[in-house]
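Structure first, then comments.
The values are calculated or read from the model by the stated rules, or taken from the named source; none is laboratory data. For clarity, every value in this text was computed on a predicted model and none was experimentally measured. So basically every Cβ, Gly included, is an ideal-geometry build from the backbone, and we count neighbours across all protein chains shown. Accessible surface areas use protein heavy atoms only, side chains included; no ligands, DNA or RNA. Shrake-Rupley method; radii C 1.70, N 1.55, O 1.52, S 1.80 Å.
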Amino acid sequence: MKGSYSTAQIGLHWLIALLLPVQYLTGGSIERTHHAAHMGVTPSSFDLFQHNVHNYSGMLIGVLMSVRLLLRIMRPPAPQSPASWRQKAATALHHALYAAILVQAGLGFVTSYLWFGTAAYHVALAKIILLIVTLHFGAAAWHTLVLKDETLDRMIFPRRDPSSEKL
């Protein structure tokens, strides 16, 4: 299959895809925890738990996304014929997603551990990531349900090592 990803790239993709909703589901606990602390009230233990899950999942996403970027640089997709506008849009969307997630992980670390003044930017970028992920998901659905091509297969089935085809 042309242009498939390695097993590591596929695993990282789906692991990050599973962790991103965790961020959205636990993000509200940050505001509740800080609000309670500012009001002189002890935050609920569940909010504190979610706060920690959010922070550590975010750091894990940052590390996994960095590894994914390194793998992408070391094993780029096979060159294709001149890119159509759809291919250029897909490339731009992927670059935006990589950049936004990496910046978000860094910004989350800064917001949590260095300066809370960046919180509004962290929240705004979360909404942008949600938009990009929605476009990404929509494009995958379009390729699968309308175009009925092998685009989604590339992120499910790992590429074969060319040397193994001789066996």
Those helices (runs of 4 or more DSSP H) completely within segment 40-146 that have 2 or more residues that are of a type in the set (Asp, Glu) and surrounded by 11 or more Cβ atoms within 10 Å (Cβ to Cβ) are none
Residues of segment 96-112 being over 14 Å from Ile16 (Cβ atoms), among the aliphatic types (A, V, I, L, M) and touching a residue at least 24 places away in the same chain (Cβ under 8 Å), in sequence order, are Ala96
Checked against (1) free of Cβ contacts under 8 Å to residues at least 12 places away in the same chain; (2) more than 18 Å from His13 (Cβ to Cβ), Thr26 satisfies every condition except (1)
Ser4: passes all of (1) polar (S, T, N, Q); (2) more than 12 Å from the chain's Cα centre (by Cα); (3) not in a loop (DSSP other than H, G, I, E, B) but (3)
Filtering segment 147-157 down to residues that are free of Cβ contacts under 8 Å to residues at least 60 places away in the same chain and part of a helix (DSSP H, G or I) yields Leu147, Leu152
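Yes/no per residue for (1) in contact with a His (Cβ under 6 Å, 6 or more places away or on another chain); (2) closer than 28 Å to Gly138 by Cβ:
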site: His13; (1), (2): no, yes
site: Ser29; (1), (2): yes, no
site: Gly40; (1), (2): no, no
site: Asp47; (1), (2): no, no
site: Met74; (1), (2): no, no
site: Tyr98; (1), (2): no, yes
Those residues of segment 7-39 which are part of a helix (DSSP H, G or I) and open to solvent by 80 Å² or more (accessible area, probe 1.4 Å) amount to Thr7, Trp14, Leu18, Tyr24, Leu25, Glu31, Arg32, His35, His38
Residue pairs within 8 Å by beta carbon, gap of at least six or interchain, first lying in segment 51-71 and within 21 Å of Ala96 (Cβ to Cβ), second open to solvent by 60 Å² or more (accessible area, probe 1.4 Å), listed first then second, are Gly58/Phe109; Gly62/Phe109; Leu64/Leu15
Being free of Cβ contacts under 8 Å to residues at least 24 places away in the same chain, aliphatic (A, V, I, L, M) and touching a His at 6+ places or on another chain (Cβ under 8 Å) is the requirement here; does Leu93 meet it?
no
